[in-house]
Every structure is written in structure tokens, then in C-alpha cells.
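Below is one structure, written out as C-alpha cells; comments come after it.
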Amino acid sequence: MALYAFLLLALPIVNCQVSPADNYVLGVDSTTCPELEGFPQYFDSVNLACTKCSGNNTEQQTSSNGLTCECQSGFKYTKNFGGNQVSCQKCLSPTDQVSEDGWECKECADGSNGVTCRCDADRTITAERELNGLWAATANKDLCVLCEGNTVPNNKGDRCIRCTNDLKLGNTVCCANDAQTGGYCFPSTVTLLPETSVLFELPKISGTDNPLSLYFQTHARAAYAMCETATYKNATACQVVANLCTLTLYNERQGRICSYIRQNTLGVPYQLLYFSDDADDVINSNDIPDSYTLTPPKIIPFQAMVHSLDGTFLRKVPLTDGLLQLCDTTETIANAAYFFGTYYSYSCNIKALGLWDTVKHPLEFYDIYLEYADQGQDRLYKTPLQMLDLRDTGDREINTGDMADWRITRRMFLVDNQMSVPIVQGTDPAASEGQVATYVRYAQDITLHVELQEDTKDGKIKVPYFTIKYAEISRSEAETGATVQISFSTTYTMSWSSFRRDFQIAVGTLGTLATLYAGYRTWVWSKRAGRPSIDFPSIINFVFYMAASLSNVFFVVTFGIAFYWFIFFKRQDVVYLVHPEGTAVKEWLGLLGAAFTLRALSLIHMIVMQCSADIFLIDWERPRGVSRAQDGKKSTEVPVSIWRTYFVANEWNEIQAMRKISPNLQIFAVTFFLVVVGFENTTTKDPDGGVEKDSGTYKAEQSFIYRYALAVMVYIVMAVVQWIFFTFIYERFVEDKVQQFVDLCSMSNISVFVMANSHFGYYIHGRSVHGKADTNIREMAEMMKREEEDLCGKRGLVPDTEEQTFMMSLPKRLRVKYEQVYLPAALENAGAVSRMEQGKSGSRLAGSAKEKSIEAYNMINKFLCSFIDHSLRDVDYVVKDKTLLESVMDTEFFDAADKGIFYKDNGHSFDQVLFYGHEISLILFDTLLFCIVDLIGQNYLLDGIVVFLITSLVGMIRDTAGRKNLARKTLVDERFLI
């Protein structure tokens, strides 16, 4: 007892000393244990190590799974407890074979070969023992036994089985005088299909190296005979025949199973696989009476009849829960494919090797039906399949062309991972059993097509159909870790004939009106430019005016259509409208592209016209006294300061590229509402128009047409809001830079004379009511106070009026006189600059040009002052109001050939030579640019960034070109324009 207690105390003490090496083992593969010193090794699963067998490699070997030792051929067991607890003994006679259990040596039966002990005689099996365990012949010897009755040897050759396991064909004598195929005996009266390699081939989707299929060789001829022979008419066999044809992807080459099916249009396989009517007649029929709605949402009730490979009917099941989708996803997302009106598209990449998993991807066949109600009865409508890989007798893929040429079918499969098991040539078919398929074919892309009945208002549809595209991948590729892409989608369409008719009428009618308007604007321009005849500049301007007009028309049409599709698709209950597809979208996209291109051309034209306008700053200031020389003999006038002119020129330069609204605020507001608030979530191709989407539900692909409609709406609304704010609040209560410029001109005693065209322009009357502006601060304050207290005259051109801005229709003589004075100075300046750039005597030439420029400035200033003061006898003008018709049509009907006309305006007509006066055109350009970028990138944030960059660039170009034109035309040194 004391010893026992001691052991109890001592053992834990010993066991607690754990070596660190006990915590790990070497990583050894169970199938790669090598021989060691002539002894085979097996994998010891307890110690996770390779262990030597008890005998050398002459008598023992490693088992096929590598987990034990076993006797070599010709050796019997004397002990076998697994692992290396095995002992073997060699058979005494060299001709002896080891028994089936491995424990005894035996002689082969008389009449058998001495290698495999298999009996060579026909219909005989090799019997080793009787049912009671005794040897069938003498001790330790096999016996050849003849199969009697309707039995034949099984594939292993050790048992007699009935000739036909499933069907009774009568009292035949086991194919003695009959044909046998697929395990069945057929009398000579039954015509079997020719036993050709074409019949047993499994056509590859790509390539011509079609492998022979073991399953086809075993079952094709027998199943066809059992199905088509009038004596049998076996329904299960007909299902097998239909499956085999489906597995060839309906290949109709002569000699294939499908070619025989198509020869008998009354046969069961034909009825299972094909439609008797043409494809367009089936698909375009109005046989479905059900109406589909978006509110409440309705699921398209497809049902699938599922059959196994051997023709057994398995179940009837709805297509929901991802039945036809190989991608792993949630049931909610998978079921969205069948919610009516939802454009579904889901794709994924999966491991190719997983397609060989016959448990996850069993080879099953699906016949799809559409469930509907007719006169109170539930019915099932056969759903056609468009197999893109179907090839006719001429090896043409006829289902990729026009619908009239299609051959629609009814049965499909998802994954074929069994049929490409090869036939081992020259051996028994049993030798191929247990092998895996050399390649797998799978449904790579499945698309459900749903089309509304023509002119339907109650949600009725034509017969829907599926388009299926298969692909294949080899086992060797899959074992390298390759992945395959799978996709499933649902599309909707309708007849677009009425839409295209209305679309063409709208574009044609409005386009004609736009062309006429462009012609009218060209006539107005030619009249203002003094070009009564049609010449090249008139044609060029007509092209640009037409670009602007057509751009407006195309914008209105594209937005109107997109807005209609967007709003009415989202708000409909009973379906009558779906997302546009096909030619309708291509025409719409073409019109949108044309609208943007023409708008860009119009913008270029506007910038060129504004940056080529003639501008002159009239200085009304007069010299104040004279200055005398020190000797008292010579006197000169006190010069007028030029700084007021420079100041006004700088202010004009600053407002040239100024916008009515803030472009930066516009872009920020638009992207904020579209992205941050989430308006873009409403542009999905589904009936859900909500801003917030549940993360667990399927989110359909966004429509670029809906995105266009939404972007234009938000952009225009934000622009209108900005315009209202700046017009009625900011400019009224904060600052109005355009009006401030007019006030600045009055305080500076400077008038602005702008000739946008040769005989038309704008005038800002800035003559000071005080007669001077070049004074000190005290006197300036006093002048402003007198004006505030109404102690002086009014600022208007006409005495006792306030009108300071006018549109001018100028006589030809004024333009001629202006060019006589201005052009020589301009040309001299240009020549001097050119020569200076070439390095030729720059100082003297530049000085001469500057003198001529100063002289021209003084002459033009004096001339225009005289013109405004009515001091020129042959060049004069009158001031009047435009008629209502002239104002509406933006033209002048009165001839100003002899006497100019100053038309009173709204106070800022001169902004037509500024960006400020063309805000609508600029907004349209920004909007179209935003949408074109979105069409490419489908990202509103990116759109905003690109629009910001390009509008900034356009403003920079306008500012730079306008500054150069201002310096050139006003004869102000550009270095003073900052």
C-alpha cells in the first residue's frame, strides 16, 4: 500500500517535465513516405511520422492510401494487424495466385488465363468459394461457372446478374443471338443507332478535339432504342435521350444524338426539347394573360421541373433562392432577379476546382415553365431557351443571329462535371469507372428577357425566354487555382416603334425651327455687321448660330425624354413603361453627344465674338489751366491724368469673365445633393425610387439615362435658385458689380464705347454731371454730396434723364472714320512688336509706334466725344426706345445708314459682350459637360471635379483673350491691366 502511494506521488512529478519538443511534430505528407534502406515505409497517423514496414520491398509494399503495409503480389498474409504489424509468406508455386481475401494461395481454374485467373469462355464467371465458404472446386482452386438463364457476368466477372436490370424484354437468352448495348439485350427486329465515334463524342465549345464520353458509349444507343421503339416506349429512356442531347448543347451534326431526335418531330424527345413553332412566333405571342404591377411588387412565378441524369423526375421547384445562379449570395439578392421591373445583374468569380464537386453541383436538368392563371385555373407555359452554343448541321451558331433563324429549346443544365470521363481504349469499360471528368462545362452567363406586349397599358407581357451561354475549363487549369466568371441578369424591353416615331418628329420639327432661327440670327448679324450679301463670314456665323440653336433643341429633347422615362418608370403601378434599350438608346446617346458638341462650338463662337469686339474708353476730362515755363514765355496745358482710364479698364477686365451665378457654389451644391444626400440612389434600374436603400437588399445597376435626368434637374434647379438669390437678394442688398461699373464710369468721367459688330454696339454714358473727376478727395466728397442732395443734373445722356446705357445702331460713316484713325496705329503697333521679337532696332521703332498709338487715342477720343455731343455735322444720332417687336426679336428695323440710333435699354444690355449676359448658355454647357463626364465615369463626384477644372480653364481663356483685346482696342498698355 505504501508502494502504491509512492507511485501515485512520483508519477505526476515525472510527467510534469514536458519537453518543448513534445509540442510540435514534423510536417509529413501521408502519401510521400519514401523507402528506407530497402524497406517500404507507411505513414503512422498516431505519431504523424513515416515508419518502416516489417518486411523489405520484396515481400511488402505500402498500401494505396499510404497508411499501412501490405503483401506484394504472390505473397499471402500470415499476420495482419495493420501498420507494420504485418507478416507475409511467398506462395510455393510460381503459378499460384493469392485469394481474394489475401490469406491463402490458390490455383487458377481450368480454362482461365494464368495471370488474372479470369475465365476466358463466354458468359462464364470465376468462382472462388461457394456460399458456405468451401472452395468451389478442389481445395485452393478456382472454378469457371457458366451463367444460366437470363444472366450474364457482371463487370468484375465474379457474379451472374440478370441481362436487363430495369426492364423485362421477354424470355431472351442473354443476348445469345441478340444485340447488347447499355446492359440491355435487343432482338434483331430493333434497329439500333450506328455505333460511331460521332455518337459518343462530347462536342467541345471551343476546339475540335472532342473526347469520347463513357456515359454516351454506355447509354446512348440503348436509351434511344428503349425510347423510340414502338414495343418499349419507355418514358424514362426518353428523358435520358433528351438529357444526352442537352449535354451536347443541342449539336445537330449528322450522327449525333440530336440529329436523330430532329428526324422524328413526333417523338417524345423532340417534344421534350423543341418547340414546334418558329422562335419569333413563340416569343412574340400574347398568350400570357396575367398583368404585372410594380405596386405591389410582383415576382415572376417561374417553375422548374428537375430531372436527374438517369431520367428520374426529382421535383418541381420555383426558380427563387438562386436555383439557376452559381454565385453564392443571399436569398434576398438572388430573388431580386425575378421581381418584375428590376433590372438584375449579378456576377462573381468562383474557384474552378469547386465545379467538380458533384454534391454542391449535381448534374441535373431543368425544364422551365411560367406559372399563370387563365379563367381561374393555374397553368404552366413552356419557357423557351436561347442556347447560344447550339450548332446546326452546318456547324453554325444559328442562335446568335436574327430571331427568325433561332432554334429555341426547353431543357438546360448548370454544371456538367461527369460526361467528360474518358473511355480507356482497348480495355473494359469498367476501367474508366472512378475517374474524374477531364473538363467541366458550366452555364457562364444566363439572361432572362421579358418584353411588354405592344401598346399595353395593363402590364401584360409576351412569352419570356432565357439566353444561356456555356463555357468550359479543364481539370489541369482548375488545379492551378484558376477562377471562372459567372453572371446572371434580367432585362426588360418593349416596342419602341411609337417612341422612335415621336422622337423623330420632335427632332425634325424642332430642328427645322432651330435652323430657321439660326438663319434669322445670321440675318441680324449680317445687318449689324454691315454685310447685306451672303459671303463666307455670313456662312460661318450661320453654322455657329445653327450649332447653338440645335444644341438647345437637342438638350430639350434629350432631357424631356430622360425625364419622362425616369419619372414615369418610377411612379407607375401597372407596368406600361420599361427602361429603354437598343436602337432607342443609341439614338438618344447620339443626340446627347451632338448637343454637347454643338454647345461647345457655340461657346467657342461666343468667346471669339466677345474677344474681337471693338472697345474704347472715352475720357471726358478736360485740361485744367496751363502751366508756364520758368522764363515765362512758353506755356502748355496741364495734362489730364490717365489713371482714371486705367482704373476703368481694369474694372472692365475684371468683369469680362464674371458669371451671374457662382460656378463653384453650383458644383458644390449639385454634388452635395446628388452624392451626400443620396439622390443618385434613385437612378437604379428598379421600381424603387427611394433615396435610402437597405444594405441587405439588391441594388440594381444605375441607369445613365436616369442619372442624366436627375443631374440636369438638380443642376438647373440649383442654377435657378442661385439666379433668384443673386438677382433679387444679393445684387439688390449686397452688391451689383455690373451696376457698380456703370456708377464707376460716372464718377471717373469715363464712357465706354463698345462695337460688338461693325455697325452695332453698346454705350455706357459715364460723363460726370460735375464736369470733372480728376480732383482731390475733399472735392470728390463734396461732388458726391451734391449729387445725393439732387443739387446737380442727372447722369443720363439725354438731359434730365437717368438712362446711361444704350444699344447703338451706328452709321457707316462713323465706322469708316473710326477705322481710318485706329487701323494705322494698330498695324504700326503690330509691326513694331513683330520686329522687336525678331531683334530689329526695337527702341526707335517701338517709340514711333507708341507715338502713333497716343496720337490715335487722342484723335479717337476727340472724335467720339464730338459724336456723343452731336458736334459732327455728317455723323449724328438720335435716342429712342425700341418697339415691342424689336425688343422681342432682338433686332433693329430702322435704317441707321445716315444717322445712328441709340436705343434705351434695361440698364445692362452691354453685358452681352460679357460672360455675365450669357449665363443660360454657360449653364447649359456646364450641365452637358457634367452629364457627358458622368456618361463616361458614372461618378457624380468625378463629374464635379472635371466641370470645375474645365469651367476654370474656360474662364481663364476668356479672361486672357479679353485682356489682350482690351489692351489692343483701347490702346491701354497691357502691363497696367492686372
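Laid out as a table, the results:
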| item | result |
| --- | --- |
| Accessible-area composition of the range 242-394, carbon plus sulfur, in percent [1.4 Å probe] | 47 percent |
| Cα centroid of the range 212-231 to Cα centroid of the range 932-978, whole Å | 78 Å |
| Å² of accessible area per residue within the range 840-978, as computed with a 1.4 Å probe and no ligands counted | 50 Å² |
| Relative packing of 709-715, 669-675, 737-743, which averages over residues the other C-beta atoms within 10 Å, highest first | 709-715, 669-675, 737-743 |
| Under 13 Å, Cβ to Cβ, from P811 - net charge with Lys/Arg +1 and Asp/Glu -1 | +2 |
| Where the range 280-384 is the region considered: accessible area per residue in Å², 1.4 Å probe | 45 Å² |
| Long-range amide H partners of C88 with built H, under 5 Å | T78 |
| Calculated from backbone phi, Karplus (6.51, -1.76, 1.60) coupling profile of the range 672-683 in Hz, x at Gly/Pro | 5, 5, 6, 9, 6, 5, x, 4, 5, 5, 7, 8 |
| Nonlocal amide H pairs with F760, under 5 Å, H built at 1.01 Å | L810 |
| Point-charge dipole on Cβ atoms (K/R +1, D/E -1) for the range 100-161, about Cα centre, debye to 20 | 120 debye |
| Mean Cβ count within 10 Å, highest first, over the residues of peptides 544-556, 128-140 | 544-556, 128-140 |
| Under Karplus coefficients 6.51, -1.76 and 1.60, residue-wise ³J(HN,Hα) of the range 270-277 in Hz, glycine/proline x | 4, 5, 6, 10, 10, 9, 7, 8 |
| Long pairs among K660/K904; K156/K351; K360/K570; K233/K360, criterion Cα-Cα beyond 30 Å | K156/K351; K360/K570; K233/K360 |
| Cα-based reach from K457 at 15 Å (exclusive), listing aspartates and glutamates while leaving out same-chain residues under 8 positions away | D290, D573 |
| Dipole of the range 654-709, positive direction: furthest Cα of F673, I661, G689, with charges on the beta-carbon | I661 |
| Integer Hz, Karplus 6.51/-1.76/1.60 couplings in order for the range 49-56, x for Gly and Pro | 8, 7, 10, 5, 6, 6, x, 6 |
| Farthest positive-ward along the chain dipole, Cα basis, beta-carbon charges - from L370, V198, A49 | L370 |
| Nonlocal amide H pairs with Q444, under 5 Å, H built at 1.01 Å | K469, Y470, A471 |
| Whole-angstrom gap from the range 699-724 to the range 357-377, using each part's C-alpha centre | 43 Å |
| Peptides 390-400, 929-939, 516-526 ordered by average Cβ neighbours within 10 Å, highest first | 929-939, 516-526, 390-400 |
| Point-to-point label distance, E735-T483, nm (Cα→Cβ direction, 7 Å offset) | 5.7 nm |
| Among [x] 97, 57, 22; [y] 72, 40, 30; [z] 97, 38, 25, the entry that matches semi-axes √(5λ) of the Cα gyration tensor in Å as calculated here | [z] |
| Net charge dipole size for the chain [Lys, Arg +1 and Asp, Glu -1 on Cβ; Debye, nearest 20] | 3980 debye |
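The values are calculated or read from the model by the stated rules, or taken from the named source; none is laboratory data. Because the structure is a prediction, the values reported are computed rather than measured. Virtual Cβ from ideal backbone geometry, glycine too; neighbours counted across all protein chains shown. Side chains are part of the model used for accessible areas, which takes the heavy atoms of the whole protein and leaves out ligands, DNA and RNA. Shrake-Rupley method; radii C 1.70, N 1.55, O 1.52, S 1.80 Å.
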